[in-house]
Each structure stands twice: as C-alpha cells, then as structure tokens.
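> Please find one structure pasted underneath; my questions will follow.
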Amino acid sequence: MSPDAVQYLLAKYVSTASKGCSSLRSKRISPHVLRHSAAMELLDAGVDSTVISLWLGHESTRSTQPYLHAHLAIKEAALAKIDPFNGQSPGRFRAGDELLAFLDKL
C-alpha cells in the first residue's frame with residue numbers, strides 16, 4: 001500500500017471517529033504518530049528495543065533510542081533502583097576544604 005493510500009485511509013477513519021469523539025478534532029493524527037504509538041506500546045509490553053528497531057525497519061538500533069528516552073516507566077524504574085542520598089538524609093551542600101582551596105586558586 002502506498003504512503004498516500006495510508007494517509008487517505010487514516011484521514012477518512014479519523015474523520016469518521018471524530019464524529020463520536022470530539023477530542024480527536026483537535027489532535028494531529030498521522031501514520032508517524034501511529035508508528036510511534038505502536039513502538040511505545042511494544043516497549044511498554046517488554047519487547048526488547050532491538051526487536052522494535054528491526055520491526056520499524058530502522059537502519060540502526062540507535063534510531064530506537066528516542067523511544068527509550070521518552071518512556072516514563074523506564075525512567076521511574078531506573079530511579080527506583082538508586083538511593084540518591086547514599087543512606088544519608090538530604091541537606092545543604094557544604095564544600096570541603098580541598099574544594100574551597102581549589103576555588104581560591106582560580
């Protein structure tokens with residue numbers, strides 16, 4: 001199917017759907033948006049990013065990196081694995097003597 005045919009069919013069905021769902025009228029829906037949404041759903045389902053990259057036809061697995069950066073659940077999981085304060089309670093930063101001496105030399 002040609003890209004023009006995909007765009008035509010998508011516009012046709014978005015127009016039909018917007019009659020029952022008025023919020024669709026203000027959204028920009030394109031084949032690229034559907035492709036991105038599919039990739040995010042696959043990522044959310046636990047599919048490896050290299051498989052998603054192959055499925056999307058990317059030349060390199062690096063092309064899938066934006067999906068990883070955009071995925072909030074992955075960020076939350078990474079943050080949950082760390083202790084930002086190393087067991088100490090958060091407080092005001094106090095520079096040590098070594099740092100202060102270095103800054104004085106500047």
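Read the figures in this text as sums done on the coordinates, not as results from a lab. Note that this is a predicted model, so its numbers are computed, not measured. In this analysis, Cβ positions are derived from the backbone assuming ideal geometry, glycine residues included, and neighbour counts consider all displayed protein chains.
> In the range 52-74, what count of residues is obtained for those that are closer than 11 Å to HIS36 by Cβ and free of Cβ contacts under 8 Å to residues at least 12 places away in the same chain?
Going through the range 52-74 one residue at a time, the tally reaches 1.
> Are any of the residues in the range 65-74 under 28 Å from SER2 (Cβ atoms), under 14 Å from the mean Cα position of the chain (by Cα) and surrounded by 12 or more Cβ atoms within 10 Å (Cβ to Cβ)?
Yes, the conditions are met somewhere in the range 65-74.
> List the pairs whose first member sits in the range 22-34 and is closer than 17 Å to TYR67 by Cα, whose second member is outside any loop (DSSP other than H, G, I, E, B), and whose Cβ atoms are under 7 Å apart, counting only residues at least 6 apart or on separate chains?
Close Cβ pairs (under 7 Å, with a partner that is outside any loop (DSSP other than H, G, I, E, B)) amount to PRO31/VAL6; PRO31/GLN7; PRO31/LEU10.
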